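What follows is one structure encoded as structure tokens, with my remarks underneath.
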Amino acid sequence: PVPGPWRTLISREQEREAVERVRVVREAVGDDVEILVEMHRRLAPMHATRIAQQIEQYRPFWYEEPVLAENLDALASTRAAINIPVVTGEELYTKFEFRDVFEKQAADIINPDVCNVGGILELKEIAAMAEAYFVAVSPHNYNSTTVGLAATMQVAATIPNFLITEYFVNLEEWGREVATAPFEVIDGYIELPATPGLGVDLDEGALARFPYEQFPVRSPRMARDEGP
């Protein structure tokens, strides 16, 4: 909800606009729709705290990554000062990093990504660690409505502290094109597959229509750093 250029330190006016955006969304959707507020590791703790304290009245479901995950002390101090569940974890990749989150009581919910942390077993072990600290697990799933989602679902079905998982509607059409039996979302739920393996297969012919492409150069520095 924070307007303007990406800055850690923002003005009071930007704070007020962020709060107003959350208010307008709550007014538009009513009381029966959950609002998940994504701060994307952007703010200094003082701004993250002031915004959270003002939007609390609009009952956000969660407050995602209000400050940098690399500074868990700052994240923990922010969580201690507010009354909205705090999420972190999409940029943490090992159980050792998540251990620090739990020991510092820096989050109420974690969102590790099965493709980032090293697979199904590692995600399940991180979830087991979280359970001992009463931390819920909401797996991050930015990269897929096919294989990545399938792996996430297998973990979600076996952990008692699973909350929700991410599903990108904007990737759904592509997923249907490359999956031989794409997942169906019905009333916000996906039925667990009963087929072998992860429960999803990909059409290699369809995938071949999407060959690898080099990202465009974004800055002169990136151009200089590119090797042969």
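The values are calculated or read from the model by the stated rules, or taken from the named source; none is laboratory data. Since this is a predicted model, take the numbers as computed values, not measurements. FYI the Cβ positions are ideal-geometry reconstructions off the backbone, even for glycines, and counts take in every protein chain you see. Remember, those area values only see protein heavy atoms, side chains included, never the ligands or the DNA or RNA. Shrake-Rupley method; radii C 1.70, N 1.55, O 1.52, S 1.80 Å.
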Residue pairs qualifying under the 6 Å Cβ cut-off, at least six apart or on distinct chains, with the first in the stretch 88-108 being farther than 14 Å from Leu123 by Cβ and the second being hydroxyl-bearing (Ser, Thr, Tyr) and surrounded by 14 or more Cβ atoms within 10 Å (Cβ to Cβ), are Phe102/Tyr133; Ala107/Thr88
Picked from the stretch 6-16 (must be open to solvent by less than 70 Å² (accessible area, probe 1.4 Å) and part of a helix (DSSP H, G or I)), the residue farthest from Glu56 (Cα to Cα) is Gln14
The correct count of residues that are assigned to a helix (DSSP H, G or I) and surrounded by 17 or more Cβ atoms within 10 Å (Cβ to Cβ) in the stretch 27-49 is 4
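Condition check ((1) crowded, with 19+ Cβ neighbours inside 10 Å; (2) at pLDDT 95 or above) across all residues:
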| position | (1), (2) |
| --- | --- |
| Glu56 | no, yes |
| Glu65 | yes, yes |
| Glu70 | no, no |
| Leu75 | yes, yes |
| Ile84 | yes, yes |
| Gly89 | yes, yes |
Checking Val19, Val67 in turn, the sole residue that is assigned to a loop (DSSP other than H, G, I, E, B) and of a type in the set (Val, Ile, Thr) turns out to be Val67
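Results for (1) more than 11 Å from Asn161 (Cα to Cα); (2) touching a His at 6+ places or on another chain (Cβ under 9 Å); (3) crowded, with 16+ Cβ neighbours inside 10 Å; (4) not hydrophobic (A, V, I, L, M, F, W, C), shown as yes or no for each residue.
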| site | (1), (2), (3), (4) |
| --- | --- |
| Arg99 | yes, no, no, yes |
| Glu103 | yes, no, no, yes |
| Ala107 | yes, no, yes, no |
| Asn111 | yes, yes, yes, yes |
| Val114 | yes, yes, yes, no |
| Leu121 | yes, no, no, no |
| Ala127 | no, no, yes, no |
| Val135 | no, no, yes, no |
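So, of the residues in the stretch 148-184 that are β-branched (Val, Ile, Thr) and touching a helix residue (DSSP H, G or I) at 6+ places or on another chain (Cβ under 8 Å), which turns out to be most open to solvent (accessible area, probe 1.4 Å)? Working first, answer last.
Taking the stretch 148-184 and keeping what is β-branched (Val, Ile, Thr), we get 152, 155, 158-159, 164-165, 169, 178, 180.
With touching a helix residue (DSSP H, G or I) at 6+ places or on another chain (Cβ under 8 Å) added as a condition, the list becomes 152, 155, 158-159, 165, 178.
Values: Thr152: 1, Val155: 2, Thr158: 75, Ile159: 19, Thr165: 49, Val178: 1 Å².
Here the answer is Thr158.
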